[in-house]
Structure formats: C-alpha cells, structure tokens
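Colleague: Below: one structure in structure tokens.
Readers should treat all values here as calculations from the given coordinates under stated rules, not as data from a laboratory. Computed from a predicted model, the values in this text were never measured in an experiment. We place every Cβ from the backbone using ideal geometry, glycine too, and count neighbours over all the protein chains shown.
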C-alpha cells in the first residue's frame, strides 16, 4: 500500500526529530529475517533505548538532511533498517552486534557517529564504548587516584613509626 503525502511528512518529521537527539546511527540490511526475528530485534532495541525504524531511503535522506547524520545519505541503498542510539553512542552498536551474532542475514552496512561515517568493521569498537554511567565512574576513579595516593602516603609515616616502636619494644622484651 502506498503512503500518502501526509504519512510521508509524518515519517520524515519523526525520523528527523529522533536523529537530532541521537548520538549514533546504524544502517543494517535485514533482508531474509522473519517477522518474529524483527520483533525480537525491536524488543531488544526498545529495552536498550534504541530507536529502530524501516524507512524508505528517499524519506530517510530527507529526514537526515539537516542533522549530523547527513553523511549517511550516499550509503542509503537497498532495504535498510535505521537504528539510532539515544541513550549513549554505543547503545545501537551493542544491540546490532548482539543481534548480528545470532542472525547471519542481519548485516550492518554503515555506522555514523558524531557526523563521521565509519565502516561496518568498526562495529565492535563502537559497541565497546562506555555508557554514560560507566564513563562517569571511570572519570571519578581517575580523579580520585591522586588524592587516594596522597592520603596513603601521609598515613604511611605514622604507621611506619608505630611499627618501628613496636619492633623496638618487642626486641627489649625478648632481651
């Protein structure tokens, strides 16, 4: 069934709105997947905060034109599924990578991250990017390390003195 002009406008507006707030985008070929497999992919994506949509390429090009994902325009050929990572840059890649391991017919064809086009071979690297909470915890551990080392060093001076006095006491008691 053909889409009306109003439906096309709605789809373009929806995809453009999601793309403006997304951190990353993935285009994947889904040809050969069953409806149940696609439903499974959508459920996984929803749980990970990833927006997944199958859009006609001409509509996708219009929707992505004024976003940082305009670099995808030349790569939008054939039947593609678009996944936008809205939680963190690696969320869409993690969903796509885990789904691709289980389904051979699902193939990532293009990755866009912060306006840069990446080859599909970079999927693993993008998937390993930390989430927001993980990045904050890594930053905090780096910031905490010098202070922790300073307090440990300052605490070592009186501790060493106490151990030395205890050793002298034990030596005098043994003699």
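Colleague: If each Cα of the chain is one equal point scatterer, what is log10 of I(q)/I(0) from the Debye formula at q = 0.14, 0.16 Å⁻¹?
Modeller: Taken in order of the listed q values, log10 I(q)/I(0) reads -0.77, -0.94.
Colleague: Can you compute the FRET efficiency between residue 159 and residue 133 using 1/(1 + (r/R0)^6), with r the Cβ-Cβ distance and R0 = 45 Å? Round to the nearest 0.05.
Modeller: Numbers: r = 35 Å, r/R0 = 0.79.
That pair, residue 159 with residue 133, gives E of 0.80.
Colleague: Quote to one decimal, in nm, the extra length available between residue 74 and residue 142 on full extension: 0.36 nm per residue of separation minus the C-alpha distance between them.
Modeller: Stretched out fully, the residue 74 to residue 142 stretch lengthens by 20.4 nm.
Colleague: Ranking request for peptides 48-57, 32-41, 120-129: highest mean number of other beta-carbon atoms within 10 Å first, then the rest in descending order.
Modeller: Top of the packing list down: 48-57, 120-129, 32-41.
Colleague: What nm distance separates the two modelled labels at residue 36 and residue 6, each placed 7 Å from Cα along Cα→Cβ?
Modeller: For residue 36 paired with residue 6, the spin-label model returns 3.8 nm.
Colleague: Determine by what factor the alpha-carbon radius of gyration of segment 42-100 differs from 2.2 N^0.38 Å, reporting the quotient. Before the final figure, lay out the partial values.
Modeller: On the way: Rg = 11.7 Å, N = 59, 2.2 N^0.38 = 10.4 Å.
Here the Cα radius of gyration is 1.13 times the empirical estimate.
Colleague: Computed over the Cα atoms of segment 89-139, what is the ratio Rg over Rh, Rh following Kirkwood?
Modeller: Rounded to two decimals, Rg over Rh is 1.02.
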